[in-house]
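Please treat every number below as a calculation from the coordinates, not as lab data. These numbers come from a predicted model, not from an experiment. Here the Cβ is made from the backbone with ideal geometry for all residues, glycine too, and neighbour counts use every protein chain on show.
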């Protein structure tokens with residue numbers, strides 16, 4: 001990958017061959033992502049399956065979902081994302097979501113820093129996201145932050161109230 005002397009753009013990201021791995025574009029900086037470990041991926045699938053059952057036909061629950069919170073210098077992959085059916089259908093086949101999914105869920109991994117997670121939360125909630133979840137596999141808890149500024153942490157034995165109705169048992173995430 002060439003050394004960048006200015007802010008990288010989405011066009012720069014698109015020029016990176018798939019064979020060089022997965023990248024995000026964070027505030028104009030290209031960041032190579034490590035592949036998820038099995039526990040991380042298992043939690044993503046548990047979340048996807050449980051949320052998909054809860055939302056039914058009202059939306060899509062996706063893993064490793066790419067979105068552009070800002071047109072030129074941002075492209076992030078959500079570990080898990082929820083999109084309403086209308087927003088999902090409005091994405092052109094040859095493009096990515098412009099904006100932020102209604103719910104962005106990040107599963108913590110050793111490479112994440114507190115600063116990274118706070119930055120992601122802020123960007124997502126300030127650019128149209130309704131909720132930002134941080135799933136902590138070690139503590140087996142989920143912090144849900146809402147666009148209105150409120151945050152609640154849910155632990156095993158508790159249930160997370162969902163935007164579209166119903167609840168999600170925390171235990172189902174870590175099964």
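Roughly what % antiparallel, to the nearest 5, for the DSSP beta bridges in segment 1-146? Among the beta bridges of segment 1-146, antiparallel pairing accounts for roughly 75 percent. Footprinting exposure proxy ranking of 42, 48, fewest other C-beta atoms within 10 angstrom first, gives 42, 48.
The GNM of the chain, with springs linking C-alpha atoms under 10 angstrom apart, assigns the highest mean-square fluctuation among 14, 159, 74 to 14. Anyone know which of 34, 81, 54 comes out most mobile in the 10 Å Cα GNM of the chain? The residue that fluctuates most here is 34.
The sum of -39500 (n - 2.57) across all DSSP H runs of n ≥ 4, divided by the residue count of the chain, sets its helix-only mean residue ellipticity at 222 nm to -7500 deg cm²/dmol. Among 26, 139, 120, the largest mean-square fluctuation in a Gaussian network model of the chain (Cα springs under 10 Å) belongs to 139.
The candidate values were [x] 0.96; [y] 1.30; [z] 1.10; the one computed from these coordinates for Rg/Rh (Cα atoms, Kirkwood Rh) carries the label [x]. Taking each residue as 0.36 nm, the span from residue 52 to residue 148 lengthens on full extension beyond its C-alpha to C-alpha distance by 32.1 nm. Segment 104-166 and segment 14-46 have their alpha-carbon centroids 19 Å apart. Compared with the dominant principal axis of the Cα atoms in the chain, helix 114-126 is inclined by about 90°.
Fewest-first ordering of 40, 150 by other beta carbons within 10 Å of each residue's beta carbon gives 150, 40.
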